[in-house]
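Notes follow the structure.
The values are calculated or read from the model by the stated rules, or taken from the named source; none is laboratory data. All figures in this text were calculated on a predicted structure; none of them were measured in a lab. Positions of Cβ are backbone-derived with ideal geometry, glycine not excepted, and every protein chain shown enters the neighbour counts. We work out accessible area using only protein heavy atoms, side chains counted, and drop any ligands, DNA or RNA first. Shrake-Rupley method; radii C 1.70, N 1.55, O 1.52, S 1.80 Å.
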Amino acid sequence: MSDDHTHVQEFFGARAADWDSRFPDDGPAYASAVADLGLREGDRVLDAGCGTGRALTPLRAAVGAAGVVVGADLTPAMLQAAVRAGRDRDGQLLLADVAALPLRSRSLDAVFAAGLIAHLPRPADDLRELARVVRPGGVLALFHPIGRAALAARQGRRITPEDLRAESNLRPLLAGSGWRMTSYVDEDARFLALAVREG
């Protein structure tokens with residue numbers, strides 16, 4: 001396992017037990033972002049870096065009983081917290097690295113990724129792997145329940161010009177990884193970038 005993975009697992013593993021209680025009001029923001037994906041009954045969707053599975057319930061509601069919902073995360077403790085919260089009823093949980101997903105190429109209609117991009121050690125390669133598992137025309141949502149400025153303030157830091165989530169950085173990053181950005185919102189109450197899988 002790379003040092004990047006060890007760091008991510010240590011960071012989230014130590015916080016998994018009380019993660020949901022630290023952010024108890026995020027549910028509506030997740031539901032709204034999932035709605036913006038435009039999923040249909042029977043669609044197949046991945047929650048990449050699913051953490052405690054907060055997106056799994058709205059994803060299941062969007063795709064219905066006939067759909068497929070998969071949550072993948074690198075940190076066992078986060079998946080255990082998802083199971084304790086009963087969210088494994090809404091989707092299959094996988095202990096997996098988004099850089100090497102155990103999924104067939106073009107097998108999904110969409111990927112939802114909350115807070116993921118800041119933790120990707122090789123963003124272009126990792127976004128390319130997400131593109132691999134999505135059919136042409138499928139959708140990617142890069143989401144955070146608060147915007148970049150609000151998140152930086154919460155963490156006691158400043159936004160730098162290198163921030164991957166800045167539109168000027170994210171648009172070409174996605175384009176080079178098989179995605180075309182279709183919308184970008186960065187407000188205090190929400191960050192959401194949507195992209196379509198190129199053919």
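The figures follow:
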read-out: Descending Cα extents along the principal axes, region 152-192, whole Å; value: 33, 21, 12
read-out: Percent carbon-and-sulfur accessible area, region 101-199, ignoring ligands, DNA and RNA, probe 1.4 Å; value: 51 percent
read-out: Residues whose placed amide H lies under 5 Å from that of VAL111, excluding near-sequence neighbours; value: LEU46, VAL139, LEU140, ALA141
read-out: Residue-span extension gain [THR182 to LEU164] - 0.36 nm each, minus C-alpha spacing; value: 4.8 nm
read-out: Residues whose placed amide H lies under 5 Å from that of LEU94, excluding near-sequence neighbours; value: GLY71, ALA72, ASP73
read-out: ILE146 long-range amide H proximity, modeled H, under 5 Å; value: PHE191
read-out: Area accessible to solvent at THR160, 1.4 Å probe radius, in Å²; value: 70 Å²
read-out: Karplus-derived HN-Hα couplings along region 41-52 (A = 6.51, B = -1.76, C = 1.60, θ = phi - 60°), whole Hz, x at Gly and Pro; value: 3, x, 5, 10, 9, 10, 9, 8, x, 5, x, 7
read-out: Residues of the chain: accessible area per residue with a 1.4 Å probe, Å²; value: 46 Å²
read-out: In order through region 121-132: 3J(HN,Hα) via Karplus (6.51 cos²θ - 1.76 cosθ + 1.60), integer Hz, x for Gly, Pro; value: x, 10, x, 5, 5, 5, 5, 5, 5, 5, 5, 4
read-out: Mean Cβ neighbour count within 10 Å, used as a protection proxy, ranking 59-68, 78-87 highest first; value: 78-87, 59-68
